[in-house]
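Trainee: Structure incoming, see below.
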Amino acid sequence: MRLESIPVGSQCRILDVQGDPTAVRRARELGLVHGVVCTVVRRAPFSGPIELATPLAHIGVRPSDELRIDVEPVSVRMPEAA
């Protein structure tokens, strides 16, 4: 499952980070490594950055940054009824 498909407020576990070697190295330096559980804090409109909360920091990840982040859901937040 891709990071882009995880709803805001949900937790997921990083399975793999692939893409441009420089972008992958930077993502790993920021703590996006296999096994880390993170929370999707918010998502900017129009395919903008996704803010993730990891145990180390809050990180903004742009889906267009030559990165493919594969995750598995840990806990999925259900949308609230209106």
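The values are calculated or read from the model by the stated rules, or taken from the named source; none is laboratory data. As the structure is a prediction and not an experimental result, all values here were calculated from the model. We place every Cβ from the backbone using ideal geometry, glycine too, and count neighbours over all the protein chains shown. SASA here: full protein model, heavy atoms, side chains in, ligands and nucleic acids out. Shrake-Rupley method; radii C 1.70, N 1.55, O 1.52, S 1.80 Å.
Trainee: Working with all protein chains in place, sort Asp20, Asp70 by solvent-accessible area computed with a 1.4 Å probe, largest first.
Mentor: On the way: Asp20 70, Asp70 25 Å².
Largest accessible area first, the residues go Asp20, Asp70.
Trainee: Return the Rg/Rh ratio of the chain with Cα-based radii and a Kirkwood Rh.
Mentor: 0.95
Trainee: Here is a follow-up. Could you check how much of the accessible area of the chain is carbon and sulfur, as a whole percent, using a 1.4 Å probe? Please list the in-between numbers first.
Mentor: Details: 2850 of 5190 Å².
Of all accessible area on the chain, carbon and sulfur atoms account for 55 percent.
Trainee: Given an 8 Å cut-off on Cα distances and at least 6 residues of separation, report the relative contact order of segment 1-68 as a percent. Working shown, then result.
Mentor: On the way: 115 pairs, mean separation 22.4, N = 68.
RCO, segment 1-68: 33 percent.
Trainee: Determine the sum of side-chain charges near Ile14: Lys and Arg each +1, Asp and Glu each -1, restricted to other residues whose C-beta is under 11 angstrom from that of Ile14.
Mentor: On the way: positive: Arg13, Arg28; negative: Asp16, Asp70, Glu72.
Counting the neighbours of Ile14, the net charge comes to -1.
Trainee: In Å², and per residue, what accessible area does segment 30-73 have when probed at 1.4 Å with the other protein chains present?
Mentor: Details: 2520 Å² over 44 residues.
Value returned for segment 30-73: 57 Å² of accessible area per residue.
Trainee: Show the residues, 5+ positions off or on another chain, whose built amide H is closer than 5 Å to the amide H of Gly9.
Mentor: Residues meeting the criterion, in which the H sits 1.01 Å from N, are Val40, Val41.
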